[in-house]
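Trainee: Structure in structure tokens, see below.
Every number here is computed from the coordinates shown, using simple stated rules; none is lab data. Values in this document were obtained by computation on a predicted structure and should not be read as measured data. All Cβ positions, even for glycine, are placed from backbone atoms using ideal geometry, and neighbour counts span all protein chains on display.
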Amino acid sequence: MADKTTNTTDSGLFLCGRKPIYTSIDRFDPKNEGEIIAEVNSALTIHMENIMAMDYLYWYRRGITPIYNRKKEIRPEICNKVSENHAGTIVEFKNGYFLTQPCTYTSRHDDKALNESIGKLNEYLYRSGKQRADNKVIDWFHTVGKGCLFVRSNDDPEVPFKAIAVDPRCAFVAKSLKPGNDPVYSVNVVVNGDKVLMDVADDTWIYTIEGALKNKLATPYPTELCSAFNVISKVPNPLKAVPIIEYYYNSVEMGAFEAVVPILDCINAIQSDRLDGLDQFIQSLLVFYNCELGTDEDGKPQTPAMVRAAGALFLKSVGDNKADLKEISSNLNQTQTQVLVDYLYEKAMIIAGMPNVNGNNRGSDARMGAALVSNGWYQADTMARGTEDLFTESNAYFDRIILKILKDKGLLTDLTESDLQLQFVRNETVNAQSKAQTLTTYLSAGLHPILALTKSGASNDPVADFEMSRKYLTMRWGDPDAPEQQPVDAPAPGDAPSGEGTGAGGTRGSGGVKPYYQMRNGRKVLISGYDRGGVDVQ
């Protein structure tokens, strides 16, 4: 830990995101063990730097902050250490807001058989532990900037694969320097006492490598720094893919509160100083003017410690000057200090993309849109959507792996990556009136209901919601998938529509009208006309 309120560790490491690990190789040469050891050690050098930052953030989130190393040179006996765990609050909010409910797969296409297969896939995901693993992964990347997911095949036919969240301080993925930065190999480090074993996997082989401890980080629970030196064994990789997948909170791999660590440290320092000021006011110093403390009952000279214990004293003037006793005290201006704390807290929440919980959210729904903007909810949602894109990009590798596992087992062979769409569920009732109005506008303009549901934000699963509501949407707006019908009962220009007069339901005015009709739910509905002469349809 740092001995000052700062965003660096004792080694001077700045908290500015994790360093990506790249490699110039396409895969390991299984016959060249020396090259494997050299490559892994080169990657471990960068990973060790990342470990120091991640370990700092991990304990910071749990409340172990630099304020506990605070020291005072003046009146060191009054040294309060107050740590307000805003970092933990930020992470917990981000976790809950990003995954209100577990993310699932939906179909990109309107196909009944495909929807059933995807439903079965979601059941496999639940049994595999993917939803629980997702919660741990997002907790890790909100804390330290990235999370790791390990995937393997499973012999149980009801659970064909397993998904397990891995501590990112113990695992990493090296990516190619070529465009696209595809994963080349993964490393998972296991430390048991003084023994170090590493599982290193590319898309062909899984190597077991013996390592050695180099150092330990001085944290509440020491974190080991290690290196590789010997390949023990290798086995074929049944997945034919890198089994560890990295997920990121943002493009620079920073944690959710990492950018505001200096501000949070300042808040802790101010709150500690406020309590110091209160203590120092109560325990103010005494100043003796032109006096002696006198003696006690036994004739011994009194000391300041005796005065403090007794709570009273007798003063003896020196010469003609009158004895006097005063206190040195200065009360801290709590109002001005609170203004500074509120300012720092507000800035920290804005930078971290947190809504203003102290804002005034009350009011009519018509003003709710402005309230959502002013109180930071739109900013929180924008950041969450950015994280969604990165999560979906990383999860594409997971899709590829599990579909291969399922096909090898003869399960869900009809599914392809292009059929799957990862669906994130958040609160749909926020700004509901505005979303409903936008949806109605899109439907009135003639957009397909699925497209209207998507663009308006009124649904988290437009395809499923459309299928469930198809009957009611068709009654109100017609069937969007019905084939176009030719105009029926189209009279000549200037004539009244078939079966209609020139009054209500017929032509009105001097202009001729040629209406187009379509049958919807057994009713003849007017679609359009050549002019706007005014055809009334009852």
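Trainee: Rounded if a/c is under 1.5, else prolate if a/b is larger than b/c, else oblate: which is the stretch 138-177, with a ≥ b ≥ c the root eigenvalues of its Cα gyration tensor? Working shown, then result.
Mentor: Numbers: a/c = 3.32, a/b = 1.75, b/c = 1.90.
Oblate, since a/c reaches 1.5 and b/c is not below a/b.
Trainee: Another question about this same structure. Filter the cross-link list LYS120/LYS471; LYS234/LYS404; LYS214/LYS234; LYS19/LYS455; LYS72/LYS94 down to pairs whose alpha-carbon distance in this structure exceeds 30 Å.
Mentor: The pairs that break the limit, which is 30 Å between Cα atoms, are LYS19/LYS455; LYS72/LYS94.
Trainee: Given a Förster distance of 51 Å, report the FRET efficiency between ASN230 and ARG75 from their Cβ-Cβ distance, rounded to the nearest 0.05. Before the final figure, lay out the partial values.
Mentor: Values: r = 57 Å, r/R0 = 1.12.
Efficiency computed from Cβ-Cβ geometry: 0.35.
Trainee: If you take every residue apart from THR143 with its C-beta less than 10 Å away from the C-beta of THR143, what net charge results, scoring Lys and Arg +1 and Asp and Glu -1?
Mentor: For residues surrounding THR143, the net value is +2.
Trainee: Right, here's the next one. Determine the shape class of the stretch 1-148: with a ≥ b ≥ c the square roots of the Cα gyration tensor eigenvalues, call it rounded for a/c under 1.5, and otherwise prolate if a/b is greater than b/c, oblate otherwise. Working shown, then result.
Mentor: Values: a/c = 3.96, a/b = 1.42, b/c = 2.78.
Since a/c reaches 1.5 but b/c is at least a/b, the shape of the stretch 1-148 is classed as oblate.
Trainee: To make sure I understand, if each residue's beta carbon is the centre and we count other beta carbons within 10 Å, what order do THR23, THR335 fall in, fewest to most?
Mentor: Final ranking by Cβ density, sparse to dense: THR335, THR23.
Trainee: While we're here: DSSP loop GluC sites (Glu not before Pro) in the stretch 84-164 with at most 15 other Cβ atoms within 10 Å of their Cβ, which ones?
Mentor: Values: sites: GLU84, GLU92, GLU116, GLU123, GLU158; in loops: GLU84, GLU158.
The qualifying sites are GLU158.
Trainee: Using label points projected 7 Å from each Cα along Cα→Cβ, tell me how many nm separate ILE25 and LYS300, to one decimal.
Mentor: In this crude label model, ILE25 to LYS300 measures out at 7.8 nm.
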